[in-house]
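K.L.:
Structure provided below as structure tokens; questions to follow.
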């Protein structure tokens, strides 16, 4: 069994789902520390007539010290919900498949999720279902595992009976491959492909949110992801 793990990114880029396609079980790391600086957990890139459109979900951090990702609460002050929806409508009004997903987008932003993990998991599961990826998705917090870094990954693999761990090539310098192999787990590395597909608004920008790919390519998204 091939196990992979990833933090719960907001509206993840295609490489996230490419990883999901190539493992048997994807564990979402919700019980590790929420980064103190900027993070893909609370923001991502889309595209509009100005080029890159950054979209950020405001969260409560000040005075709270170190938080687990699963504990981070969304800040609902201000008009950011309406602003995000209008920004997406403006950016993708001419995208062939945008309207097919507009109701979902309006619903998730207007639901008023208390925690960032709940919003992000709703989006991740929606895209996984749309792409018809049959990989099992689990939350770290639902597993009886403990530890940090490499030891956490080893415990996750042991808990799930995984003999292989799938990681991005860029993570090689952070992983202790010898330690993991001594635990009886083989590490497999991959490099997420840079997908080329038709985009709106001028020059191509790689690694945007997967929604950009979906809005422009619809049902061909899975084919493009696998064909890469």
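None of the figures in this text is laboratory data; all of them are computed from the coordinates on show. Source: prediction; values computed, not measured. Positions of Cβ are generated from backbone atoms using ideal geometry, with glycine treated the same way; all protein chains shown enter the neighbour counts.
K.L.:
Which order results if 79, 172, 73 are arranged by neighbouring Cβ count within 10 Å, fewest first? If you can, show how the numbers build up before the last one.
P.N.:
Working: 79 8, 172 11, 73 15.
So the ranking, lowest neighbour count to highest, is 79, 172, 73.
K.L.:
Which shape class applies to the chain: rounded if a/c is under 1.5, otherwise prolate when a/b exceeds b/c and oblate if not, where a ≥ b ≥ c are the square roots of the Cα gyration tensor eigenvalues? Let's see the in-between values first.
P.N.:
On the way: a/c = 2.04, a/b = 1.36, b/c = 1.50.
It comes out oblate by the Cα gyration axes.
K.L.:
Something else: Contact order normalised by length for segment 1-89, with contacts defined as Cα pairs under 8 Å and 6 or more residues apart; what percent is it? Present the calculation step by step, with values, prior to reporting the outcome.
P.N.:
Values: 101 pairs, mean separation 22.5, N = 89.
Computed over segment 1-89, the figure is 25 percent.
K.L.:
For 45, 158, which order do you get if you count the other beta carbons within 10 Å of each Cβ and list the fewest first? Mind showing how you got there, number by number?
P.N.:
Details: 45 18, 158 15.
Ascending number of Cβ neighbours within 10 Å: 158, 45.
K.L.:
Find how much the distance from residue 197 to residue 142 grows on full extension, using 0.36 nm per residue of separation minus their present alpha carbon separation; answer in nm with one decimal. Could you put the intermediate results ahead of the total?
P.N.:
On the way: separation 55, 0.36 × 55 = 19.80 nm, distance 3.69 nm.
Stretched out fully, the residue 197 to residue 142 stretch lengthens by 16.1 nm.
K.L.:
Something else now. Each label point is 7 Å from the Cα along the Cα-to-Cβ direction; what then is the distance between the points at residue 85 and residue 125, in nm?
P.N.:
According to this spin-label approximation, the distance is 2.2 nm.
K.L.:
Along the Cα-to-C-beta direction of residue 102, a point sits 7 Å from the Cα; which residues of segment 212-226 have their amide N less than 17 Å from that point?
P.N.:
212, 214-218
K.L.:
Report Rg/Rh for segment 1-80, rounded to two decimals, where Rg is the Cα radius of gyration and Rh the Kirkwood radius.
P.N.:
Working: Rg = 14.7 Å, Rh = 14.4 Å.
Radius of gyration over Kirkwood radius for segment 1-80 works out to 1.02.
K.L.:
If each residue of separation counts as 0.36 nm, what is the full-extension length gain between residue 175 and residue 158 once their alpha-carbon separation is subtracted? Present the calculation step by step, with values, prior to reporting the outcome.
P.N.:
Values: separation 17, 0.36 × 17 = 6.12 nm, distance 1.69 nm.
That pair, residue 175 and residue 158, stretches by 4.4 nm at full extension.
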